[in-house]
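K.L.:
Below you'll find the structure I mean.
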Amino acid sequence: MLYLLAAQRQLLAVAVVLASLYPALPVVLGLALLHERITRRQAVGLLGAGIATVLLTLG
């Protein structure tokens, strides 16, 4: 629903970047709420997603 609203208001670039972070959200919530430990592979994935988001917003 919000994705369609952003597309209508010409904020599609922002909506796409935020939607691409969806796979990282359960990991972050697990860390914050359930105090789960992350594996090295998950940490690299989160770091990569963060770097990619920064690069997309700058470029």
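The values are calculated or read from the model by the stated rules, or taken from the named source; none is laboratory data. Computed from a predicted model, the values in this text were never measured in an experiment. Heads up, the Cβs are rebuilt from the backbone with ideal geometry, glycines too, and the neighbour counts pull from every protein chain shown. Accessible surface areas use protein heavy atoms only, side chains included; no ligands, DNA or RNA. Shrake-Rupley method; radii C 1.70, N 1.55, O 1.52, S 1.80 Å.
K.L.:
How about the stretch 36-59: which of its residues are touching a residue at least 24 places away in the same chain (Cβ under 8 Å), of a type in the set (A, V, I, L, M) and open to solvent by 70 Å² or more (accessible area, probe 1.4 Å)?
P.N.:
Matches in the stretch 36-59: Leu56 only.
So that you can scan it fast, the table gives a plain yes or no per residue for (1) assigned to a loop (DSSP other than H, G, I, E, B); (2) at pLDDT 80 or above:
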| site | (1), (2) |
| --- | --- |
| Ala7 | no, no |
| Gln10 | yes, no |
| Val14 | no, no |
| Arg41 | no, yes |
| Leu46 | no, yes |
| Ala49 | no, yes |
| Ala52 | no, yes |
| Leu56 | no, no |
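K.L.:
Right, here's the next one. If I filter the stretch 16-35 down to residues being open to solvent by 80 Å² or more (accessible area, probe 1.4 Å) and hydrophobic (A, V, I, L, M, F, W, C), which single residue comes out as modelled with the lowest pLDDT?
P.N.:
Only one residue tops the list, namely Leu18.
K.L.:
Now, a different point. Can you run down the residue pairs with Cβ atoms below 7 Å, 6 or more apart or on separate chains, where the first is in the stretch 18-35 and part of a helix (DSSP H, G or I) and the partner is open to solvent by less than 60 Å² (accessible area, probe 1.4 Å) and among the small types (Gly, Ala, Ser)?
P.N.:
Within 7 Å, the pairs are Ala24/Ala49.
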